[in-house]
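Student: Input: one structure, supplied below.
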Amino acid sequence: MTALLPPEIEGGSRFDRLVQPARVHGSLYTDPSIFAEELRKIWHRTWVFVGHESEVPQPNDYVRKQLADQDVVMTRDKDGELHLLINRCAHRGLQVCDDKAGNSSSFRCPYHGWTYRNTGELLGYPYNKGYGGKNKLELGMGKVARVDSYHGFVFGSLAAEGPSLDEHLGAAKGEIDRLVGLSPDGQVKLDAGWLRHRTRSNWKFLAENETDGYHPQFVHGSIFGVTGSPIGALYSDNSTAVTRNLGDGHSENDLRPEFRSFAEPMRWFGTTPDRVPGYVAAMHEAYGDDAQRRMIEGAPHVMIFPNLFIAEIQVFNIQPVAVGECVQYATAVQMAGGHELNQRMVSQSIGSVGPAGMLLADDTEMYERNQRGVEMADPEWLDVRRGLGRESVDAAGFTIGAATDETGMRGFWTHYKSLMEAED
Amino acid sequence: MATTPDPQRHDVVFEEPTGPLAVPGVGAVVESEFASVSVRLDQSGNSVRLRVEDLRTGRVRFLDALELESIVWLEDGHLTQLLDPSHERWRG
Ligand code: FES
Ligand SMILES: [Fe+2]
């Protein structure tokens, strides 16, 4: 394993030494004490993507979710309000819900029968004389301190105080707007089911890789070759696409400059309007003159810190498990009013992130080999300087690099460092 | 396929919710992880009734039209009281 601290650098905070402008230290991916600190300072504090409102469409629907190491039940109560309950009985701490999903106005713990409403409130317990009668206990299931959503994307924060979701998302909101703007009804659904990929890698390798435009030509050569996709060529030194640091740890690969120059609607999706006529008609109906622009520019490719990755047609939910293990949940985006586009989104997602898919398996091979690699002793550092000398600031004030530059990773690390340097 | 997964390699699972169930001879099953009951119409009486069976214990209750209508009109608070384990079944 790489040494715990680089000895040759003196002074500054611990994270000044580990996270530098052009390189980061290998122990960030292998040191269990850093992982424990990340749980406290990032995963138990900041806003974390948990799921989507469309996963609990009916009153009393619930789904089990992860929020880092916490087992969470996302419920919709009878009045339609969303809750994120911590899946733990207030009696002796048993896991209350076991199924992945269900519909129930109340949950009964299987150990001694304590029963909760799906808001977390304790509704009753058996043989209540032992407690002096009914309603004698001021107890309930735990709750994620703050719950909020943006266009149906549900986030939770285990900290009662802190920046609002709106502040946390910052410029990344515009990317979610772009995604829902491709639905004729202005809404997406994430109800096609989630594939759970267990990955033997530190979570940060995934967060960094999602907007790494340097690797696609290597790692994804096979899927680009088989599908004849024109996307691979967008990740080269000749590309006009940019990597943008959106601030707050968020980043994107903005392929719009390329798509605008081709000016072909649905090119971003690898198809043509005549193959998805119902969708194209619905877009024109909904957005009039602006429909063409939306269909030319396509969906975002954005990594929202720390764990939501919107990759054009699919969404990934990354959750850490241990210093060298995480889970990637992946699902196909479904456009409300999307007509035949939705079926195609599902089949493309199966081809890319399904059990025999060719995209995520290739990335994951890299994540896992990356983890094995950084467990080796030397060289201790990972280089993140690519494009540092050719960055610029765009009209909106964001730092941008070329399509293959590590501008997104540097934005990730700046935000990471600021969170890790905060008080415990 | 009884191969042992390589602990170093990633694995994939599709998380499917449970689907509807109709068991022959039992009827439609209304089920969650918390309870499992079968429902079917019973026509052995002079009016049709709903036969509801708690499949975990075999206990059966018939509900006639007026009783069912009353359940529809129960206030949520009253329904919630019925869910208190001490209310009836585990009162002792
Ligand atoms: S632990 Fe849940 S009822 Fe006892
Ligand atoms: Fe026992």
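Student: For A:N370, work out the one condition from (1) touching a helix residue (DSSP H, G or I) at 6+ places or on another chain (Cβ under 6 Å); (2) without any contact (Cβ under 8 Å) to a residue 40 or more places away in the chain; (3) open to solvent by 50 Å² or more (accessible area, probe 1.4 Å); (4) of a type outside the set (S, T, Y) it doesn't fulfil.
Tutor: (2)
Student: Do we find a residue being away from chain B (no Cβ under 11 Å), within 16 Å of ligand 1 (Cβ to nearest atom) and among the polar types (S, T, N, Q) anywhere in region A:32-48?
Tutor: No: zero hits.
Student: Test each condition in (1) open to solvent by 10 Å² or more (accessible area, probe 1.4 Å); (2) on the phi < 0 side of the Ramachandran plot; (3) of a type in the set (D, E, K, R) for A:K204 and report the one that comes out false.
Tutor: It is condition (1) that A:K204 fails.
Student: OK, next. Can you tell me which residue in region B:41-56 is farthest from B:L21 (Cα to Cα), limited to those that are more than 12 Å from the chain's Cα centre (by Cα), of a type outside the set (A, V, I, L, M) and open to solvent by 40 Å² or more (accessible area, probe 1.4 Å)?
Tutor: Within region B:41-56, the match that is farthest from B:L21 (Cα to Cα) is B:N46.
Student: Right, here's the next one. Filtering region B:1-40 down to residues that are at pLDDT below 75 and of a type in the set (V, I, T), which residue is surrounded by the most Cβ atoms within 10 Å (Cβ to Cβ)?
Tutor: B:T18
Student: Within the group B:D84, B:D76, which residue is within 13 Å of chain A (Cβ to nearest Cβ), of a type outside the set (A, V, I, L, M, F, W, C) and open to solvent by 80 Å² or more (accessible area, probe 1.4 Å)?
Tutor: Matching residue, one of B:D84, B:D76: B:D76.
Student: Assuming A:E167 fulfils every condition listed in (1) buried (at least 18 other Cβ atoms within 10 Å of the Cβ); (2) away from ligand 1 (no atom under 16 Å from the Cβ) apart from one, which condition is it?
Tutor: Here A:E167 meets the rest and fails (1).
Student: In region A:105-143, which residue that is within 9 Å of chain B (Cβ to nearest Cβ), of a type in the set (G, A, S) and open to solvent by less than 20 Å² (accessible area, probe 1.4 Å) is nearest to ligand 1 (Cβ to nearest atom)?
Tutor: A:G113
Student: While we're here: Kindly provide the set of residues from region A:180-191 that are of a type outside the set (S, T, N, Q) and open to solvent by less than 40 Å² (accessible area, probe 1.4 Å), ordered by number.
Tutor: A:V180, A:G181, A:L182, A:P184, A:G186, A:V188, A:L190
Each row is one residue, and each column tells you yes or no for (1) in contact with a helix residue (DSSP H, G or I) (Cβ under 9 Å, 6 or more places away or on another chain); (2) open to solvent by 10 Å² or more (accessible area, probe 1.4 Å).
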{"site": "A:S236", "(1), (2)": "yes, yes"}
{"site": "A:S239", "(1), (2)": "yes, yes"}
{"site": "A:S261", "(1), (2)": "no, yes"}
{"site": "A:W268", "(1), (2)": "yes, yes"}
{"site": "A:T271", "(1), (2)": "yes, yes"}
{"site": "A:V276", "(1), (2)": "yes, no"}
{"site": "A:I296", "(1), (2)": "yes, yes"}
{"site": "A:A330", "(1), (2)": "yes, no"}
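Student: Out of (1) under 18 Å from A:F398 (Cβ atoms); (2) assigned to a helix (DSSP H, G or I); (3) not hydroxyl-bearing (S, T, Y), what's the single condition that is false for A:N245?
Tutor: (2)
Student: Kindly provide the set of residues from region A:70-104 that are open to solvent by less than 20 Å² (accessible area, probe 1.4 Å), within 16 Å of ligand 1 (Cβ to nearest atom) and touching a Gly at 6+ places or on another chain (Cβ under 8 Å), ordered by number.
Tutor: Listed by number, the list holds a single entry, A:L85.
Student: Find the residue count for region A:402-424, including only residues that are outside any helix (DSSP H, G or I) and free of Cβ contacts under 8 Å to residues at least 60 places away in the same chain.
Tutor: Summing the residues that are outside any helix (DSSP H, G or I) and free of Cβ contacts under 8 Å to residues at least 60 places away in the same chain in region A:402-424 gives 1.
Student: Does A:E340 meet the test of being closer than 28 Å to B:E15 by Cβ and surrounded by fewer than 17 Cβ atoms within 10 Å (Cβ to Cβ)?
Tutor: Considered against the rule, which asks whether it is closer than 28 Å to B:E15 by Cβ and surrounded by fewer than 17 Cβ atoms within 10 Å (Cβ to Cβ), A:E340 comes out as yes.
Student: Only one of A:A356, A:A281, A:A299, A:A332 is among the small types (G, A, S) and more than 24 Å from A:R256 (Cα to Cα). Can you tell me which?
Tutor: A:A356
The values are calculated or read from the model by the stated rules, or taken from the named source; none is laboratory data. Just so we're clear, the structure is a prediction, and the values are computed from it rather than from any experiment. No Cβ is skipped: glycine too gets one built from the backbone with ideal geometry, and neighbour counts run over all protein chains shown. Accessible surface is based on the protein model in full, side chains and every heavy atom, while ligands, DNA and RNA are left aside. Shrake-Rupley method; radii C 1.70, N 1.55, O 1.52, S 1.80 Å.
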